[in-house]
Amino acid sequence: MAEKKPPKSDSPFATRIDPTKENLSQDQMHFIRQVELEQWKKNTSKLRTRNLVTGLAIGALVLGIYGYTFYSVSQERIMDEIDEEAKRARMKGPKTGAN
(Lines give C-alpha, C1' and ligand atoms only; values in the text may rest on other atoms or scores of the structure.)
Protein backbone atom coordinates (compact mmCIF):
# COMPACT_ATOMS: atom_id res chain seq x y z
CA MET A 1 0.00 0.00 0.00
CA ALA A 2 2.94 2.33 0.65
CA GLU A 3 4.29 1.80 -2.87
CA LYS A 4 1.16 3.14 -4.53
CA LYS A 5 1.71 6.61 -5.93
CA PRO A 6 -1.09 9.15 -5.85
CA PRO A 7 -2.48 10.22 -9.19
CA LYS A 8 -0.88 13.23 -10.84
CA SER A 9 -2.61 16.50 -10.15
CA ASP A 10 -2.53 19.83 -11.93
CA SER A 11 -3.02 21.68 -8.64
CA PRO A 12 0.24 23.09 -7.25
CA PHE A 13 -0.81 22.57 -3.62
CA ALA A 14 -1.51 18.85 -4.14
CA THR A 15 1.70 18.00 -5.98
CA ARG A 16 4.14 15.79 -4.13
CA ILE A 17 7.78 16.72 -4.40
CA ASP A 18 10.98 14.93 -3.59
CA PRO A 19 13.24 17.34 -1.67
CA THR A 20 16.37 15.46 -2.75
CA LYS A 21 15.58 15.87 -6.46
CA GLU A 22 14.03 19.34 -6.45
CA ASN A 23 16.07 22.50 -6.11
CA LEU A 24 14.52 24.05 -3.02
CA SER A 25 15.56 27.15 -1.10
CA GLN A 26 16.67 27.01 2.50
CA ASP A 27 13.35 28.51 3.62
CA GLN A 28 11.39 25.83 1.78
CA MET A 29 13.55 23.07 3.26
CA HIS A 30 13.12 24.57 6.73
CA PHE A 31 9.34 24.68 6.26
CA ILE A 32 9.29 21.04 5.12
CA ARG A 33 11.29 20.00 8.19
CA GLN A 34 8.92 21.92 10.48
CA VAL A 35 5.87 20.25 8.94
CA GLU A 36 7.47 16.80 9.18
CA LEU A 37 8.37 17.45 12.83
CA GLU A 38 4.79 18.45 13.64
CA GLN A 39 3.51 15.30 11.94
CA TRP A 40 5.92 13.17 13.97
CA LYS A 41 4.82 14.85 17.21
CA LYS A 42 1.17 14.25 16.37
CA ASN A 43 1.75 10.61 15.46
CA THR A 44 3.97 9.85 18.45
CA SER A 45 1.40 11.16 20.93
CA LYS A 46 -1.25 8.87 19.41
CA LEU A 47 1.18 5.97 19.41
CA ARG A 48 2.24 6.65 23.00
CA THR A 49 -1.39 6.61 24.14
CA ARG A 50 -2.08 3.39 22.25
CA ASN A 51 1.05 1.76 23.71
CA LEU A 52 0.06 2.83 27.22
CA VAL A 53 -3.42 1.36 26.88
CA THR A 54 -2.00 -1.87 25.47
CA GLY A 55 0.55 -2.09 28.28
CA LEU A 56 -2.10 -1.55 30.94
CA ALA A 57 -4.34 -4.20 29.38
CA ILE A 58 -1.52 -6.74 29.27
CA GLY A 59 -0.53 -5.88 32.85
CA ALA A 60 -4.12 -6.32 34.04
CA LEU A 61 -4.31 -9.68 32.31
CA VAL A 62 -1.04 -10.84 33.90
CA LEU A 63 -2.14 -9.69 37.36
CA GLY A 64 -5.49 -11.42 36.89
CA ILE A 65 -3.83 -14.71 35.97
CA TYR A 66 -1.39 -14.34 38.86
CA GLY A 67 -4.20 -13.65 41.33
CA TYR A 68 -6.31 -16.51 40.05
CA THR A 69 -3.33 -18.86 40.39
CA PHE A 70 -2.86 -17.89 44.04
CA TYR A 71 -6.58 -18.27 44.66
CA SER A 72 -6.71 -21.74 43.11
CA VAL A 73 -3.61 -22.89 45.01
CA SER A 74 -5.16 -21.76 48.29
CA GLN A 75 -8.30 -23.74 47.38
CA GLU A 76 -6.16 -26.84 46.79
CA ARG A 77 -4.71 -26.50 50.29
CA ILE A 78 -8.21 -26.42 51.75
CA MET A 79 -9.11 -29.54 49.76
CA ASP A 80 -6.00 -31.29 51.13
CA GLU A 81 -7.10 -30.44 54.67
CA ILE A 82 -10.59 -31.81 54.00
CA ASP A 83 -9.05 -35.02 52.61
CA GLU A 84 -6.93 -35.39 55.77
CA GLU A 85 -10.01 -34.96 57.97
CA ALA A 86 -11.86 -37.58 55.92
CA LYS A 87 -8.96 -40.03 56.36
CA ARG A 88 -8.94 -39.46 60.12
CA ALA A 89 -12.68 -39.94 60.29
CA ARG A 90 -12.40 -43.24 58.40
CA MET A 91 -9.70 -44.44 60.75
CA LYS A 92 -11.79 -43.63 63.85
CA GLY A 93 -14.99 -45.08 62.48
CA PRO A 94 -16.22 -48.63 63.11
CA LYS A 95 -14.57 -51.32 61.07
CA THR A 96 -16.95 -53.16 58.78
CA GLY A 97 -16.53 -55.40 55.79
CA ALA A 98 -17.18 -52.42 53.48
CA ASN A 99 -14.22 -50.43 54.85
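The values are calculated or read from the model by the stated rules, or taken from the named source; none is laboratory data. Keep in mind it's a predicted model, so treat the numbers as computed, not measured. When we count neighbours, we look across all protein chains shown, and the Cβ atoms used for this are built from the backbone with ideal geometry, even at glycine.
Of all residues in segment 10-23, those that are over 15 Å from Val35 (Cα atoms) have Cβ atoms under 9 Å from Cβ atoms of residues that are modelled with pLDDT of 75 or more, 6 or more apart or on another chain, in Glu22/Gln28. Pairing residues of segment 28-43 that are closer than 17 Å to Asp18 by Cα with residues that are surrounded by 11 or more Cβ atoms within 10 Å (Cβ to Cβ), at Cβ distances under 7 Å and at least 6 apart in sequence or on separate chains, gives Met29/Pro19; Ile32/Pro19.
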